[in-house]
Amino acid sequence: MFFHAHPDDEALLTAGTMAKLAAEGHRVVLVVATAGERGLAEMEPGEALGETRLKELYTSAALLGCARVECLGYGDSGLSPKGGVADERPDNAFIDADTEAAAKALAEILLEEKADLLTIYDPAGGYGHPDHVQVHRVGRRAAKIAGTEIVLEATVNRDPLVRLLRLAGRFYRFPPEFDVRTFESAYSPGETITHRVNVRRYTKQKRASMAAHASQASGGDSDRTLAVMLKVPRPLYRLVFGTEWYVRRDLPPGARLSHPFDGWPK
């Protein structure tokens, strides 16, 4: 089971792994906490962003071979590091959710599915989005309730990422939302990463998954992060996005594994 905060998060962090496991015959389940209704997008009159993003999520999931998609139904907390001003958040914002209650809702799905593996985010929520941090807290607790044996924290090896972004910054003007400095303390250093999953065979599906989230490639005054990624030439895309990284906290430091189920049973 792959647990994410919003539609399109699965495309960015775990799509290759999802496609890989589905191709190997595993039942893959995708759960999102929110519909992402507070994301930036250019919508047509009468369109509701949350509904649009859930439709995009189902399209993405089908492309990746998912057998089931669920939304826990919490409200999108917004892009601010603190989820915005409390009065501006929806009453059911995920950042304000009772961790135990949310974890029990997720654990019910884990138990229904008899899931062997759950992916969440690292403690920092990757780049610090409040809903991503909440995914970490809720996911950890849900795994304990359900007795799910493998918990992988989806992340990015920030060491080569920072080097690559600094180099790219010499030739490309990133959009304002894409501050390279934030990545210097985001995600996970290479020394803590336990799983480096080669998904190059599945980058076609990963790219298609990204493209399915068309609403998130527009909005604002400049190119969105997703749009920038989709502009990467296909041969380079396969190289840049051909590895997905995870941290499994119950393995000894220095583990270097290549498949999500490596190291199980412990």
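The values are calculated or read from the model by the stated rules, or taken from the named source; none is laboratory data. Only a predicted model underlies this, so the values are computations on that prediction, with no experimental measurement involved. Neighbour counts run over all protein chains shown; Cβ positions are idealised from the backbone, glycine included. Surface areas here come from the heavy atoms of the whole protein model, side chains and all, with no ligands, DNA or RNA. Shrake-Rupley method; radii C 1.70, N 1.55, O 1.52, S 1.80 Å.
In table form, for the structure just shown:
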| quantity | calculated |
| --- | --- |
| Number of positions in the range 197-237 that are small (Gly, Ala, Ser), at pLDDT 90 or above and open to solvent by less than 40 Å² (accessible area, probe 1.4 Å) | 3 |
| Count - residues of the range 104-136 that are in a helix (DSSP H, G or I) and among the acidic types (Asp, Glu) | 4 |
| Any hit, the range 173-183, residues being at pLDDT 90 or above, charged (D, E, K, R) and surrounded by fewer than 17 Cβ atoms within 10 Å (Cβ to Cβ) | no |
| Positions within the range 53-74 being open to solvent by 30 Å² or more (accessible area, probe 1.4 Å) and either at pLDDT below 95 or within 20 Å of residue 92 (Cα to Cα) (or both), in sequence order | 54, 70, 71, 72, 73, 74 |
| Cβ-Cβ under 6 Å pairs, at least 6 apart or on other chains, the range 40-56 side within 16 Å of residue 211 (Cβ to Cβ) and in a loop (DSSP other than H, G, I, E, B), far side open to solvent by less than 40 Å² (accessible area, probe 1.4 Å) and modelled with pLDDT under 90 | 41/49; 41/215; 41/219 |
| Residues of the range 137-156 that turn out to be among the aliphatic types (A, V, I, L, M) and open to solvent by less than 10 Å² (accessible area, probe 1.4 Å), as a count | 6 |
| Criterion: in contact (Cβ under 8 Å) with a residue 12 or more places away in the chain and of a type outside the set (Ser, Thr, Tyr) - qualifying residue of 169, 73 | 73 |
| Scope the range 157-166; condition out of contact with any Gly (no Cβ under 6 Å at 6 or more places or on another chain) and surrounded by fewer than 21 Cβ atoms within 10 Å (Cβ to Cβ); matching residues | 160, 161, 162, 163, 164, 165, 166 |
| When residues of the range 75-98 are limited to those that are in a loop (DSSP other than H, G, I, E, B) and among the aliphatic types (A, V, I, L, M), the one modelled with the lowest pLDDT | 85 |
